[in-house]
1. About the Cα centre of the chain, what is the dipole size in debye to 20, counting +1 per Lys and Arg Cβ and -1 per Asp and Glu Cβ, all else neutral?
2. Quick query: amide H of L15 versus all other amide H atoms, modeled in the peptide plane; which residues come in under 5 Å with a sequence gap of 5 or more or a different chain?
3. Would you calculate a helix-derived [θ] at 222 nm for the chain, using -39,500 (n - 2.57) for each DSSP H run of n ≥ 4 and dividing by the full residue count, to the nearest 500?
4. Across 5 Å bins from 0, what is the distribution of all Cα-Cα pair distances for segment 46-90, in whole percents?
5. Output wanted: per-residue J couplings in Hz (rounded whole) for segment 18-27, from phi through Karplus 6.51 cos²θ - 1.76 cosθ + 1.60, θ = phi - 60°, x for Gly and Pro.
6. So for the chain, averaging the separation of alpha carbon pairs under 8 Å that are six or more residues apart and normalising by length, what relative contact order in percent results?
7. Rounding to the nearest 10 and keeping the result within 0 to 90°, find how far the Cα-based axis of helix 53-71 lies from the longest principal axis of the chain.
8. With springs only between Cα atoms under 10 Å, which of S39, S16, S63 fluctuates most in a Gaussian network model of the chain?
Amino acid sequence: MASSTILSRKMIKFLSLTPPSLRHHNLSFMDCINLPQYSPFAFFYPKPENYNKNQISQILENSLSKVLSSYYGRIKDNNTYVDCDDTGIE
């Protein structure tokens, strides 16, 4: 098994805030009765030759910041709704 080392930590904030109308998503009955599933996949790609590590890191941070408001939220209140609270991720 390969090992990894954390070199640094950084809080990634959303590029745009979640509109109030999309902040609270009630879960359906099927969402509530399904067990949480974790998909342990990691995808590795070759390093682009034209970029250094700092540039690649910045590109990944910017991309993540752009998609967070569409796909990120925390399940709250005994698994009954998703709260998109714009706190970001580490």
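FYI, it's all coordinate maths here, none of it is from the lab. Predicted, not measured: the structure shown is a model, and the values here were computed from it. A quick note on method: Cβ atoms are made from the backbone with ideal geometry, for glycine too, and the neighbour counts reach across all protein chains shown.
1. Once rounded to the nearest 20, the dipole reads 260 debye.
2. Hits under the 5 Å cutoff: K66, L68, S69.
3. Roughly -8500 deg cm²/dmol at 222 nm, from the helical runs in the chain.
4. With a bin width of 5 Å, the distribution comes to 5, 19, 19, 16, 13, 10, 8, 5, 4, 1.
5. 6, x, x, 5, 10, 6, 10, 10, 6, 7
6. 54 percent
7. 10 degrees
8. Largest GNM mean-square fluctuation: S39.
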